[in-house]
Amino acid sequence: MIKTVMQEAFNKQITKEMFSSNLYLSMAAYFQESNLNGFANWMRIQAQEEMSHALKFFDYLLNRNGQPCISAIEAPQKNWLNPLDCFESALHHEEMITESINDLADLAIKEGDHASLILLQWFVNEQVEEEATSNEIVDRLKLAGDSKSGLFILDNELKQRVFVPEPTAK
Ligand code: OFO
């Protein structure tokens, strides 16, 4: 059975993952309203990925005979200045999530919880990928600058993204 201190920390992380999902859905709405459908598609899939992260922790707690606890989720921001501002917000958000995952891994080490540490290794790797992807899009938007064609080329590329479901802890 999972220790209470770990369970509480994982439940806080579930709330953060669900907030992340809502934040990206809000970003999808922002892009869709501007008819940047490729950016909107990318954000909508990101929202699905975040929900799958929340479910990974949810299933893990159940497998460890713990109790997942669903809490109130704060409303996310609705508007951004421009696509670059929006993706910079996404990148900063992921950097905050990385810190949170690292704190969880530190706690698992302190508590000698090897099973949790193995789960968290997956998230540590995932965060490297998530930061790199957002960073790349921020850099591409900076390169495009005021160029509308640069923006539309990137929008077309981001249309290609598809959701690949993650295996759960079950
Ligand atoms: Fe964007 O990452 Fe979840 O964990």
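Taken residue by residue, the range 45-56 has no member that is part of a loop (DSSP other than H, G, I, E, B) and buried (at least 20 other Cβ atoms within 10 Å of the Cβ). Restricting the first member to the range 20-31 and to residues that are in contact (Cβ under 8 Å) with a residue 60 or more places away in the chain, and the second to residues that are more than 14 Å from the ligand (Cβ to nearest atom), the beta-carbon pairs closer than 7 Å and six or more apart or on different chains are Met27/Cys86. For the range 49-66, a residue qualifies if it is among the acidic types (Asp, Glu) and either away from the ligand (no atom under 14 Å from the Cβ) or touching a residue at least 60 places away in the same chain (Cβ under 8 Å) (or both), and the qualifying residues are Glu49, Asp59. Checked across the range 67-78, the condition of being of a type in the set (Val, Ile, Thr), more than 30 Å from Asp155 (Cβ to Cβ) and touching a residue at least 24 places away in the same chain (Cβ under 8 Å) holds for at least one residue. Only residues that are part of a helix (DSSP H, G or I), away from the ligand (no atom under 16 Å from the Cβ), exposed (fewer than 15 other Cβ atoms within 10 Å of the Cβ) and without any contact (Cβ under 8 Å) to a residue 12 or more places away in the chain: list them for the range 114-149, please. The answer is His114, Asp139, Leu143, Lys148, Ser149.
To keep it simple, each residue is scored yes or no on (1) in a loop (DSSP other than H, G, I, E, B); (2) among the small types (Gly, Ala, Ser).
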{"site": "Met18", "(1), (2)": "no, no"}
{"site": "Gln32", "(1), (2)": "no, no"}
{"site": "Ala40", "(1), (2)": "no, yes"}
{"site": "Asp59", "(1), (2)": "no, no"}
{"site": "Ile70", "(1), (2)": "yes, no"}
{"site": "Ile73", "(1), (2)": "yes, no"}
{"site": "Leu81", "(1), (2)": "yes, no"}
{"site": "Asp85", "(1), (2)": "no, no"}
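In this structure, Asp155 does not satisfy being in a loop (DSSP other than H, G, I, E, B) and either charged (D, E, K, R) or closer than 27 Å to Lys3 by Cβ (or both). Criterion applied to Glu111, Glu99, Glu94 was being surrounded by fewer than 17 Cβ atoms within 10 Å (Cβ to Cβ) and under 17 Å from Asn125 (Cβ atoms), and the one residue passing it is Glu99.
Laboratory data are not the source of any read-out in this text; all were calculated from the coordinates shown. Fair warning: this is a prediction, and the values are worked out from it, not measured in the lab. Quick reminder, even Gly has a Cβ in these numbers, built from the backbone with ideal geometry, and neighbours come from all protein chains shown.
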